[in-house]
Amino acid sequence: MSGTRASSNDRPPGTGGIKRGRLQQEAAATGSRVTVVLGAQWGDEGKGKVVDLLATDADIISRCQGGNNAGHTVVVDGREYDFHLLPSGIINTKALSFIGNGVVVHLPGLFEEAEKNEKKGGCPSLRAHPGPALGWRAARRLPVLMAAPSSSIGTTRKGIGPAYSSKAARTGLRICDLLSDFDEFSTRFKNLAHQHQSMFPTLEVDVEGQLKRLKGFAERIRPMVRDGVYFMYEALHGTPKKILVEGANAALLDIDFGTYPFVTSSNCTVGGVCTGLGIPPQNIGEVYGVVKAYTTRVGIGAFPTEQINEIGDLLQSRGHEWGVTTGRKRRCGWLDLMILRYAHMVNGFTALALTKLDILDALDEVKVGVSYKLNGKRIPYFPANQEILQKVEVEYETLPGWKADTTGARKWEDLPPQAQNYIRFVENHVGVAVKWVGVGKSRDSMIQLF
């Protein structure tokens, strides 16, 4: 009856406190915790190198979001590996690589990348979307058709945006669909192609040819796929395992928290780990933010600390700042601590990896952006609006350079005092400790501080 409540004497025997206590104990046993590596700027921070370092003793290495628009470079024993879809930690042949629900899996690229790097292919989730589903030519054309010429966002043209658009519109096709009834898949594929061609009459799609290719890829990938939710649950709650999660892109490229609209199509902040892999928040352990010792950006959009001068040219040439995926020249500027503090607010970094410190070796002095002013007043937040971000005035702190070669440094004491001061300055202003400092391309050029 409404308004009544059973007394403890009315409860069936064996229930109450004992059952509740058991459930509380079970809830407390949350399983293993994953270690997460995320970009803290606009990408290209050197995440692959940090992942490679951590992957040496990992059991499972996962990509949680994005697609083959990512570009991670790893140098091991003098050999350079470029990864776009496979987790870069796959250099560790003893670890199993897993590609989560949130990743757009370009099937030809998956096999080509594994063959090129002489590595076993990753295990994709059944719930991941194969892309570009309509074919490579259509994938390169669609982003151009979907954006007005005056507002081009500088995408990688890898078909990631159209794949995520179809996913959000609930017309997308998943790997589980591809591996099920192929006649039903073919019907849905034709409907998807017709939908895009209705919106963009100049778009050419080889429907029959692409279906034939996809059917061939289905048989190749069938033995590799996993039900992602069960796979991750078993990994977290079975025999204790070290699980490493590799984010693609970076905080300022996140679809919700990045410099919209000049962003990627996925959540590349820490929330993407849960949605992309199907794991609860309590299973997230260490969250490492990777930050370059200066700032770079590919494509257009606001860039408050950009240096369109000899400093920018020096950083670009010394840092070999060309996009791994696009081949485009990266814009360069001073380190922006407003960006790092904002990325920390969103991600809750437990430590930082500061990479490419050696690129600053040639400078007499190093500037760091510490705050923004808008209309003469300091603002405590990172602006959401791009027009406002374009107008901010950056306040800089100028630190002395070290004018010394740091590439041979292998421990903290090897770094010049001015370089140490630079690192401590970053720590103090962001409120997060720097755990690694990168001074070169190879695995052994990462100095671990604690």
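Residues in the range 393-450 that are among the charged types (D, E, K, R) and in a helix (DSSP H, G or I) were compared, and the one that is least open to solvent (accessible area, probe 1.4 Å) is 427. Residues in the range 357-376: is at least one among the hydroxyl-bearing types (Ser, Thr, Tyr) and under 15 Å from residue 434 (Cβ atoms)? No - not one qualifying residue is present in the range 357-376.
Among residues of the range 335-391 being loosely packed, with under 13 Cβ neighbours inside 10 Å and among the basic types (Lys, Arg), the one that is farthest from residue 269 (Cα to Cα) is 377. Residue 196 fulfils the conditions (1) assigned to a helix (DSSP H, G or I); (2) over 30 Å from the mean Cα position of the chain (by Cα) except for a single criterion, (2). Applying the set (1) part of a helix (DSSP H, G or I); (2) free of Cβ contacts under 8 Å to residues at least 40 places away in the same chain; (3) not hydroxyl-bearing (Ser, Thr, Tyr) to residue 85 leaves exactly one unmet item: (1).
Can residue 181 be described as modelled with pLDDT of 95 or more, assigned by the TED database to the domain that holds residue 264, surrounded by fewer than 16 Cβ atoms within 10 Å (Cβ to Cβ) and at negative phi? Yes, satisfied.
Number of residues in the range 251-283 that are outside any loop (DSSP other than H, G, I, E, B) and within 26 Å of residue 168 (Cα to Cα) equals 11.
Annotation note: Cβ proximity below 8 Å between a residue of the range 416-429 that is more than 10 Å from residue 402 (Cα to Cα) and a residue that is open to solvent by 20 Å² or more (accessible area, probe 1.4 Å) and in a helix (DSSP H, G or I) (sequence gap 6+ or interchain) occurs for 429/341. Determine whether the range 295-311 contains at least one residue that is farther than 24 Å from residue 371 by Cα and aromatic (Phe, Trp, Tyr). Taking every residue of the range 295-311 in turn, none turns out to be farther than 24 Å from residue 371 by Cα and aromatic (Phe, Trp, Tyr).
Out of 255, 243, one residue alone is touching a Ser or Thr at 6+ places or on another chain (Cβ under 9 Å), of a type in the set (Val, Ile, Thr) and crowded, with 23+ Cβ neighbours inside 10 Å. It is 243.
The values are calculated or read from the model by the stated rules, or taken from the named source; none is laboratory data. Not measured: the values here are computed from a predicted model. Every residue, glycine among them, receives a Cβ derived from its backbone with ideal geometry; neighbour counts consider all protein chains shown. SASA here: full protein model, heavy atoms, side chains in, ligands and nucleic acids out. Shrake-Rupley method; radii C 1.70, N 1.55, O 1.52, S 1.80 Å.
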